[in-house]
């Protein structure tokens with residue numbers, strides 16, 4: 001069986017090319033099943049950064065042509081140099097890297113693993129793609145658990161939420177006060193909510209906008225004048241107004257924290273010019289991060305992810321080698337089956353020939369002879385089969401033909417075991 | 001035999017300390033550190049077992065012997081939750097300290113089975129055991145306090161690499177420190193009662209222990225938060241450190 005991958009991604013193609021072949025989940029699944037109906041194993045992985053077709057067929061050229069043809073039909077023309085074409089181990093390694101987030105714009109991003117799973121579940125998988133995609137999901141999870149590639153935040157809002165967690169631990173039930181009703185603040189708020197925090201109030205100079213955002217976030221609007229009162233109860237404050245001066249002053253925070261009995265207060269200032277008076281950071285129990293601080297955290301985090309990516313590469317490479325070995329041994333399966341059948345036929349025929357001489361044996365003695373001859377055959381075949389598998393894994397194809405040639409096996413043995421497609 | 005167990009224990013603790021330091025930059029070293037702690041503690045357990053079997057009476061009645069037992073209790077306490085990846089930074093504060101104190105105990109003869117041992121009554125064994133367990137817990141509380149101060153400063157200074165270090169959150173450290181003190185104080189109280197029941201006199205060590213008790217009792221009553229709690233935990237630890245000196249003074253007098 002041969003595995004072929006044909007695809008395009010953000011590394012080779014600009015968005016105007018990628019959008020020509022972009023598919024949503026059902027369409028990607030339909031394309032895979034279209035190829036499945038033609039007798040191929042096929043999976044289509046389509047995200048905003050890539051569209052890739054994984055196709056398996058007995059012949060590598062057939063697999064490549066089927067994948068290239070499907071993508072050309074999709075793009076309504078040849079994508080030429082925007083496409084990459086990989087086979088067998090290289091294709092497996094590519095998918096494992098994709099699943100681990102090593103081929104993503106932000107190394108280690110977590111969304112891709114779910115997208116690979118969705119593509120696998122929607123695909124027309126047979127034994128090869130089943131093994132390949134299970135391996136990819138395993139490699140992706142392993143890279144994330146054994147390295148820190150996916151741990152650090154990759155955006156300003158994620159960095160703000162992660163820092164809040166560094167102060168409070170779990171954010172479940174932590175009260176967040178949003179100051180300003182802009183998009184930036186909303187993004188940060190949603191990130192905090194996704195980690196369990198609760199948006200208590202949205203304060204804004206324009207009450208209507210505060211009410212609208214509060215409704216979207218399931219909280220309440222708050223007049224800016226009452227900000228000081230709520231500082232005593234909030235755990236996290238996110239400020240992102242377009243006000244020219246400070247919206248939250250040191251004096252206001254001092255009053256607020258006076259009633260907090262030592263509980264920490266985390267302030268995130270996403271505004272330019274800044275909303276929070278910088279000297280607030282000097283107050284005990286107050287932690288203040290502005291946009292530059294958060295961007296520095298993201299830069300450091302991305303550098304850390306790139307360092308971790310080197311370790312993750314080693315992990316996925318080892319997993320890809322495991323898949324290559326399995327794929328190589330798969331080529332041998334029909335030959336090994338033929339060899340066993342051939343040996344069994346010889347054993348049965350020879351026993352039949354000796355029937356006259358064995359006629360006097362009791363039932364028990366006959367079973368002993370049966371067992372003895374079976375054991376001899378199995379022991380004789382064991383070493384060549386094991387070594388052929390090892391050599392096939394090490395050196396690739398050719399050992400199936402060698403077995404057939406050496407033992408004079410039926411050349412059509414391969415066809416005696418047709419592929420099974422899932423769902424068939 | 002004691003030597004054969006002592007050196008591997010020190011070696012394992014030292015390895016853990018070095019690996020914890022390396023873990024800051026190379027997270028993969030964290031596991032090596034954890035195994036160093038586990039193996040070292042098991043070997044030290046065997047050492048203490050060997051001492052208990054061979055000694056005539058309570059083998060840790062000297063200041064050096066107490067130090068040996070104290071290190072074992074500290075590392076044992078750390079093992080309860082310290083092996084989680086999030087607490088590896090705490091190992092950096094505990095393990096070098098454990099290795100050095102164990103070496104000091106060796107220099108003072110606290111890891112051998114030789115010598116005359118006096119403490120054989122149940123009350124005195126209980127007294128020493130409970131007080132040392134309490135001191136070990138307070139040492140861990142101080143380590144938590146130290147880590148809190150370091151992390152709080154890193155957050156205040158907005159160090160970009162802080163998240164990479166995978167440290168416990170500030171509130172976790174604060175809560176854990178408070179709980180550790182809450183466990184240590186009853187142990188210390190019971191240990192002191194056992195000592196008084198046996199008729200202990202007001203020697204320098206008892207005075208130090210009373211001061212430690214008073215400080216932590218106040219801590220639990222007032223329940224300070226944040227930086228103040230951490231400073232108090234560290235101050236209490238300085239008093240704990242003077243306790244072996246008190247014991248030494250008692251023995252010399």
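What the table shows:
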quantity: Near pairs, Cβ below 6 angstrom, 6+ apart or cross-chain, from the range A:253-269 (more than 9 Å from every other protein chain (Cβ to nearest Cβ)) to any residue that is assigned to a helix (DSSP H, G or I) and surrounded by fewer than 18 Cβ atoms within 10 Å (Cβ to Cβ); calculated: A:255/A:228
quantity: Residue match in the range A:194-206 (condition: at pLDDT below 90, assigned to a loop (DSSP other than H, G, I, E, B) and surrounded by 17 or more Cβ atoms within 10 Å (Cβ to Cβ)); calculated: no
quantity: Sole exception among (1) at pLDDT 90 or above; (2) within 14 Å of chain A (Cβ to nearest Cβ) for residue B:166, by number; calculated: (1)
quantity: Members of the range A:289-300 found to be more than 8 Å from every other protein chain (Cβ to nearest Cβ) and either in contact (Cβ under 8 Å) with a residue 40 or more places away in the chain or crowded, with 19+ Cβ neighbours inside 10 Å (or both), listed by number; calculated: A:290, A:291, A:294, A:295, A:298
quantity: Residue match in the range B:17-25 (condition: surrounded by fewer than 23 Cβ atoms within 10 Å (Cβ to Cβ) and within 14 Å of chain A (Cβ to nearest Cβ)); calculated: yes
quantity: Qualifying residues in the range B:157-175 (those that are free of Cβ contacts under 8 Å to residues at least 60 places away in the same chain, in a helix (DSSP H, G or I) and in contact with a helix residue (DSSP H, G or I) (Cβ under 7 Å, 6 or more places away or on another chain)) - the one surrounded by the fewest Cβ atoms within 10 Å (Cβ to Cβ); calculated: B:162
quantity: Test result for residue A:309, assigned to a loop (DSSP other than H, G, I, E, B) and either away from chain B (no Cβ under 11 Å) or modelled with pLDDT under 85 (or both); calculated: no
quantity: Flag if residue A:167 is outside any loop (DSSP other than H, G, I, E, B), within 14 Å of chain B (Cβ to nearest Cβ) and under 26 Å from residue B:224 (Cβ atoms); calculated: yes
quantity: Enumeration of residues in the range A:226-269 that are under 16 Å from residue A:203 (Cα atoms), in contact with a helix residue (DSSP H, G or I) (Cβ under 6 Å, 6 or more places away or on another chain) and surrounded by fewer than 17 Cβ atoms within 10 Å (Cβ to Cβ); calculated: A:228, A:232
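The values are calculated or read from the model by the stated rules, or taken from the named source; none is laboratory data. Since the structure is predicted, the reported quantities are computational estimates derived from the model, not experimental observations. Neighbour counts are summed over all protein chains in view; Cβ atoms, including those assigned to glycine, are modelled from backbone coordinates with ideal geometry.
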